[in-house]
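Everything on this sheet refers to the single structure shown next.
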Amino acid sequence: MIREKTPGLLSLVQSFFREHLESNCGASPHTIRAYRDALRLLFRFMADKRGCAISDLRLEDLTIESIQAFLAHLEIERGNTPASRNCRLTAIRGFFKHLIRHDLSRGNQYYRVIALPSKRSRTSPAHYLEPEDVRLILQQPDRRTVLGARDHALLLFLYNTGARVSEALSVRVQDLSLLPPRQVYLQGKRKKVRHCPLWGETATSLQHLSTVRDGRPNEPIFRNRYGHPLTRDGVAYILQKYAKLASRDSPGINKHRIAPHLLRHSCAVALLQAGVDVTVIRDYLGHSSISTTSRYITTNLQMKQDALEAFWRKSGLVPGHTSPWKPKPDLLTFLESL
């Protein structure tokens, strides 16, 4: 009986991305990039520790000890949060499940890595901008120029739709419907699609873009000065530039970490403040779970204050004493003696 030869590490990495993620799972480009970055960091770390080239790594090197050392490296040396560490571990687990399917001889070695637990992390409150701050940022671009008109349309589109930056950058001319009912077709995570309504102002801003007026149906609408598609870093730079200008009139903007996702959070909170049902917001933003959307409820202090005041009015309770309470001198004497 001829024993079948086990594929090497490089071959299994290639089949993981080409056959498993792309063909079998239909993973999005964003997911593939995230898995690629995690494995690239892992292999570089292991090669440095062994003092060899990445091409010299073998399947025998993929031990639970090496993975644990890598996870510690992420948190201690690279300063990753537990959430980021867990995302890297998810990618590694996915790869090791692929290894088991093609290399049962080392199944126990791989199973030990798959069983590594995620680290519990505290969910931080979502940061967001108040509508007046977003409005101030939107006033900064000079819409008389080509780039200023593009910047205004881009930022207004992000706030209007609450789209992830990857979703916005993938919008093509054919995805837009700028006549009533105005809407855009967005493709989100795991290739889930949704239609999002557009404000009249957003539609008008988009109509002024030459990429929309003159572009081909399958071409992206947001491009840089050289005609190439905008990148995530490009969008971040644009937002940060105008946020800095707006902060001269509203210094509170500076307390936030200015990133494109901040506009998504701001859109969600504005919808909540407007009284939109949380299940509608879930579908509007393309969340897979209502628990993700509910995070914004715990974030907004004004909504908590409004809810508390509404509860007070509904309860029918009234203060028993309308005049302020004043301590007696003997009580003060007692307290001072403590």
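The values are calculated or read from the model by the stated rules, or taken from the named source; none is laboratory data. Every value quoted in this text rests on a predicted model; they were computed, and no experiment measured them. Neighbour counts are summed over all protein chains in view; Cβ atoms, including those assigned to glycine, are modelled from backbone coordinates with ideal geometry.
Note on the stretch 9-26: residues that are in contact (Cβ under 8 Å) with a residue 12 or more places away in the chain and either more than 18 Å from E60 (Cα to Cα) or surrounded by 12 or more Cβ atoms within 10 Å (Cβ to Cβ) (or both) total 9.
Residues that are crowded, with 17+ Cβ neighbours inside 10 Å and either β-branched (V, I, T) or closer than 22 Å to A149 by Cβ (or both) within the stretch 191-204 comprise C196, L198, T202, A203, listed in sequence order. Please tell me if L42 is among the hydrophobic types (A, V, I, L, M, F, W, C) and in contact (Cβ under 8 Å) with a residue 40 or more places away in the chain. Yes.
Have a look at R122, R106, R143 and point out the one that is in the same structural domain as P229 (by TED's automatic domain parsing) and basic (K, R). So the residue among R122, R106, R143 that is in the same structural domain as P229 (by TED's automatic domain parsing) and basic (K, R) is R143. The set of residues from the stretch 124-168 being touching a Lys or Arg at 6+ places or on another chain (Cβ under 8 Å), modelled with pLDDT under 95 and in a helix (DSSP H, G or I) comprises V165, S166. Screening the candidates R248, R264, R194 for the property of being of a type in the set (D, E, K, R) and assigned to a loop (DSSP other than H, G, I, E, B) yields one hit, R248. Counting only residues that are closer than 25 Å to A53 by Cβ, among the β-branched types (V, I, T) and assigned to a helix (DSSP H, G or I), the stretch 6-39 holds 2 of them. Total residues in the stretch 205-239 satisfying the condition of being free of Cβ contacts under 8 Å to residues at least 40 places away in the same chain, assigned to a helix (DSSP H, G or I) and surrounded by fewer than 14 Cβ atoms within 10 Å (Cβ to Cβ): the figure is 4.
Take the conditions (1) in a helix (DSSP H, G or I); (2) of a type outside the set (S, T, Y); (3) surrounded by 14 or more Cβ atoms within 10 Å (Cβ to Cβ); N80 misses just one of them, which is (1). Is it true that I92 is among the β-branched types (V, I, T), surrounded by 15 or more Cβ atoms within 10 Å (Cβ to Cβ) and under 24 Å from the mean Cα position of the chain (by Cα)? Taking the combined requirement at face value, the residue satisfies it.
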